[in-house]
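Peer 1: Here it is, the structure, as structure tokens.
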Amino acid sequence: MSSVRIPKVTAKCYCNSVVIEISEIDPGFTACHCSTCQFVHSGPGFGARCNDVKIVQGAELVKKYKPAVWATWHFCGKCGTRLHYKFEDEVWKSKQDRYVVSVGLLYKSGVKNLKMFNEVSYEVKPHYYCFEGQREKLSTSEAYALFALESQKP
Ligand SMILES: [Zn+2]
Ligand SMILES: [Zn+2]
């Protein structure tokens, strides 16, 4: 979406039980201020799009949760680290960006060129924080419109 893709990163959850291999990562990530993110992360969600995620260790520990019809969250059932979410196949037709990985995992795994590319659901952002710098800020409906376009890309 924004810059040169990172070909492959191997990342571990906080307790080292789950190891995932992440492919074709966009280092320009999205900060989401929506009410679900505030609830489950106790703050905004930082997600980097990528083309594939493979669980290479600890698959039996990975728990899934489906907060909405369009995506499923994956997290470590032992330490609770959020790993990634995957858009459902019937919603996301494109081969690009079907997965969104937690930015903290990438940072901890040595990826340093991460950059906050845009902010979404800005109209519901709590008043007690804001980020420095200039970037595109999208409302929830603008973000949905963008996802609707990108999900159908060949
Ligand atoms: Zn863990
Ligand atoms: Zn959100």
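The values are calculated or read from the model by the stated rules, or taken from the named source; none is laboratory data. Not measured: the values here are computed from a predicted model. Every residue, glycine as well, gets a Cβ built from its backbone with ideal geometry; the counts of neighbours run over all protein chains shown. Calculation scope for accessible area: heavy atoms of the full protein, side chains included, ligands and nucleic acids excluded. Shrake-Rupley method; radii C 1.70, N 1.55, O 1.52, S 1.80 Å.
Peer 1: Between LYS8 and PHE39, what's the calculated FRET efficiency when r is the beta-carbon distance and R0 is 30 Å? Round to 0.05.
Peer 2: 0.40
Peer 1: Here's something else I'd like to know. If the label point is 7 Å along Cα→Cβ of ASN51, which residues in the stretch 74-112 have backbone nitrogen under 16 Å from it?
Peer 2: Flagged as within label range: 93-101.
Peer 1: Once phi is turned into ³J(HN,Hα) by the Karplus curve 6.51 cos²θ - 1.76 cosθ + 1.60 with θ = phi - 60°, what whole-Hz value does each residue of the stretch 122-127 show in order, with x for glycine and proline?
Peer 2: Those phi angles translate into 5, 5, 10, 4, x, 6 Hz.
Peer 1: Please report Rg (one decimal) and Dmax (integer) in Å for the Cα set of the chain.
Peer 2: 14.8, 42
Peer 1: Straight-line reach from LYS78: which lysines have Cα under 26 Å away, leaving out those fewer than 8 places along the same chain?
Peer 2: LYS8, LYS12, LYS54, LYS63, LYS64, LYS66, LYS86, LYS108
Peer 1: Next question. Once neighbouring chains are kept in place and the probe is 1.4 Å, which whole percent of the accessible area of the chain is contributed by carbon and sulfur?
Peer 2: 57
Peer 1: Would you mind getting me the FRET efficiency between ALA145 and GLU88? Use the beta-carbon distance for r and R0 = 25 Å, nearest 0.05.
Peer 2: Efficiency at R0 = 25 Å is approximately 0.85.
Peer 1: Quick one: helix 140-150 against the long Cα principal axis of the chain, what's the angle to the nearest 10°, folded into 0 to 90?
Peer 2: 60
Peer 1: Over the stretch 71-154, average the accessible area per residue using a 1.4 Å probe and give it in Å², no decimals.
Peer 2: With all protein chains present, the stretch 71-154 gives 59 Å² per residue.
Peer 1: Separate question: Order these peptides, 75-83, 146-154, 17-25, by their mean beta-carbon neighbour count within 10 angstrom, highest first.
Peer 2: 17-25, 75-83, 146-154
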